[in-house]
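To start, the structure under review is shown below, and the notes come after it.
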Amino acid sequence: MPGGVGPTALLPRAVANAGARMARWPWWLQVAVVFIVARLVSACIFMAAAVHQGTNPWFAPAPDYWNFITIWDARWYQQAVDDGYPAVLPVDQNGVVTENAWAFYPLFPLLARGLSAITGLGTLPALTAIAMVAGLAAVLVIHQLFRQFAGRRTAMWGVIFVSTFPIAPILQVPYAESLNLLLLAASLLLVVRRHYLAAIPVVLLMSLSRPSGVPFAAVVGLLFLWHLWQRFGAARNRQGFVSDTRPLSTRNLMSLGALVVAACVAALAWPAIAWAATGDPAAYTRTETAWRGDDLVPFKPWFDTGRMLFGPVLGVLAPFVFTALFVLVMISRPVRALGTELRLWCACYMGYLLVFLHPQTSTFRMLLPLFPLALATAMLSKSKAYRGTVVVMFILLQMVWVVWLWAWAPLPGGGDYPP
C-alpha cells in the first residue's frame with residue numbers, strides 16, 4: 001500500500017469518514033439508518049438460528065426467516081385476528097381457565113385485520129409489517145424524547161442502544177412490543193412537553209396495545225400530586241428546596257388532572273371489555289394467570305422464583321437485593337439526569353412488575369419499556385470505546401436470546417422456555 005498504510009489501518013479511517021458523512025444527514029435519516037442496520041443484524045442472527053431449528057410445534061425443521069419469526073405469541077395474535085376473542089372462557093376438566101386470546105391486547109390484531117382487508121395481505125405478514133413500521137416510528141419518537149435531556153450525539157447513542165438491546169429482535173417479529181414502544185414513547189414525550197390533553201388519545205391506544213396502562217396511570221397520578229405539592233408547598237421551596245420541574249399553571253394542572261382520569265379509565269378498559277364480552281369479572285386476570293398455573297398473588301411469584309433459583313434462604317433475600325440494586329440505579333447520576341417524568345416511569349413500571357409479574361424467561365422481554373435507561377447508559381461515559389463495547393455486548397446477547405429462547409428446543413418434561 002502507498003506510504004506503508006495497510007488495510008487494517010484504512011478500515012478505522014473509512015469507518016470514521018462514513019460516520020462523519022452520516023453526521024451531516026437529517027436526524028430522522030440517521031435514526032432510520034441506525035434502526036434498519038440493527039434490524040438487518042438481528043435478521044442475520046435469526047436466519048443463522050433458523051438453520052439449526054429442529055422439530056417444533058409450528059413447521060418443518062430449518063424454516064426460512066419469515067416463518068421463523070412468526071412463532072410463539074405471534075400465533076396467538078393471528079388467532080385474535082382470524083377468530084376473534086372467545087365469548088366463553090375455555091376451561092379444563094377442573095374448571096380452571098386455560099390459555100386463550102384474552103391475554104393479548106386488541107390494538108395490534110385490530111390494525112392487522114384492517115391492513116389485511118385493505119391490502120389482501122395474510123394475517124402474519126400484516127402483523128409483521130405493522131411491527132416493523134411501528135419499530136421504526138418508535139425509535140424516531142425516542143430520539144426526540146431523548147433530545148429533551150441530552151445533546152445530539154448522546155441522544156443518538158441512546159437510540160443505538162435501544163436498537164441493539166439484547167431483546168431488540170422483538171421489534172421485527174409479529175409481537176405488539178414495537179407498537180407499544182411507539183405509543184409509550186409518544187405518551188412520555190407529550191407528558192415531558194406538558195401537552196397533557198394531546199396525550200389522552202395516545203395513552204388510550206397505548207393501554208390497548210399491551211398491559212402498560214396501570215404503571216402509566218401511576219406515573220401521571222404521582223406527577224399530579226407532585227405538582228400540587230409544588231403549588232401549595234411554595235413557601236418550603238423558597239426555604240431552599242430546589243425542584244427539577246417548573247411549577248404548572250392552573251390550566252396545565254387541570255389538563256394533567258384530566259390525563260390522570262383518562263389514564264385510569266384506559267388502564268381498566270381491556271379487563272372491563274373482557275368482563276363485558278364473557279360475563280366473567282375476572283376474565284382477563286384468570287386468563288393471564290393461566291400461563292403461570294397459579295392465582296394472582298402480588299409479590300409472591302418473585303419469592304417463589306427466588307427460592308427455586310437460589311434456595312430457601314438466599315431465595316427469600318433475592319427480591320430485596322434486586323430491588324435495592326434497582327434503587328441504586330435510579331439514584332445514580334446518569335439516571336437523575338433523565339428528569340422527573342422518565343424516572344417516575346421507570347420506577348412505576350418496575351414497581352408494577354414487582355407486584356404482578358411472574359418472573360421467568362419472558363421477563364427479559366418485559367424490560368423493554370425501561371428504554372429510557374438506554375439514554376442514562378449513553379450518559380455514563382462519552383468514550384467511544386465504552387459505547388462501542390456496549391453495542392458489541394448487546395449484539396452478542398441478542399445471539400444468546402435468539403438461540404436460547406426464540407428457537408424451539410424441547411425440555412425433558414415437554415415444552416420450552418418462552419422468549
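Residues in region 48-96 that are charged (D, E, K, R) and within 22 Å of Ala129 (Cα to Cα): Asp64, Asp73, Arg75, Asp82, Asp83.
Residue-wise test of (1) outside any loop (DSSP other than H, G, I, E, B); (2) hydroxyl-bearing (Ser, Thr, Tyr); (3) buried (at least 17 other Cβ atoms within 10 Å of the Cβ).
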{"residue": "Leu373", "(1), (2), (3)": "yes, no, yes"}
{"residue": "Ala378", "(1), (2), (3)": "yes, no, yes"}
{"residue": "Ala385", "(1), (2), (3)": "yes, no, no"}
{"residue": "Gly415", "(1), (2), (3)": "no, no, no"}
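Within region 83-96, not a single residue is of a type outside the set (S, T, N, Q), farther than 24 Å from Pro125 by Cβ and in a helix (DSSP H, G or I).
If you go through region 58-82 and pick out every residue that is in a loop (DSSP other than H, G, I, E, B), on the phi < 0 side of the Ramachandran plot and among the aromatic types (Phe, Trp, Tyr), you end up with 2. Here Pro109 passes the criteria (1) in a helix (DSSP H, G or I); (2) modelled with pLDDT under 95 except the one numbered (2). Mind listing just one residue for me: the one in region 127-171 that is hydrophobic (A, V, I, L, M, F, W, C) and without any contact (Cβ under 8 Å) to a residue 40 or more places away in the chain and, of those, nearest to Ala48 (Cα to Cα)? So, considering only residues that are hydrophobic (A, V, I, L, M, F, W, C) and without any contact (Cβ under 8 Å) to a residue 40 or more places away in the chain, the one nearest to Ala48 (Cα to Cα) is Ala129. When Ser209 is evaluated against the numbered criteria (1) out of contact with any Leu (no Cβ under 7 Å at 6 or more places or on another chain); (2) surrounded by 18 or more Cβ atoms within 10 Å (Cβ to Cβ); (3) not hydrophobic (A, V, I, L, M, F, W, C); (4) not in a helix (DSSP H, G or I), which criterion, by number, is the only one it fails? So Ser209 meets the others, but not (1). Screening the candidates Leu354, Leu342, Leu325 for the property of being in contact with a helix residue (DSSP H, G or I) (Cβ under 8 Å, 6 or more places away or on another chain) and either farther than 23 Å from Val139 by Cβ or not in a helix (DSSP H, G or I) (or both) yields one hit, Leu354. Residue count for region 52-94 under the criterion of being of a type in the set (Val, Ile, Thr) and either in contact with a His (Cβ under 6 Å, 6 or more places away or on another chain) or under 18 Å from Pro410 (Cβ atoms) (or both): the result is 2. Which one of Gly240, Gly221 is modelled with pLDDT under 90 and more than 29 Å from Ala101 (Cα to Cα)? Within the list Gly240, Gly221, the selection yields Gly240. A search for C-beta distances below 6 Å between a residue of region 298-315 that is surrounded by fewer than 11 Cβ atoms within 10 Å (Cβ to Cβ) and any residue that is assigned to a helix (DSSP H, G or I), counting only pairs 6+ apart in sequence or on different chains, returns Pro298/Val355. The set of residues in region 250-297 being over 25 Å from the mean Cα position of the chain (by Cα), farther than 21 Å from Leu204 by Cα and buried (at least 18 other Cβ atoms within 10 Å of the Cβ) consists of Thr278 alone.
The single condition from (1) farther than 17 Å from Leu222 by Cβ; (2) in a helix (DSSP H, G or I); (3) touching a residue at least 12 places away in the same chain (Cβ under 8 Å) that Tyr349 fails is (1).
The values are calculated or read from the model by the stated rules, or taken from the named source; none is laboratory data. Just so you know, these numbers come straight off a predicted model, no measurement behind them. Virtual Cβ from ideal backbone geometry, glycine too; neighbours counted across all protein chains shown.
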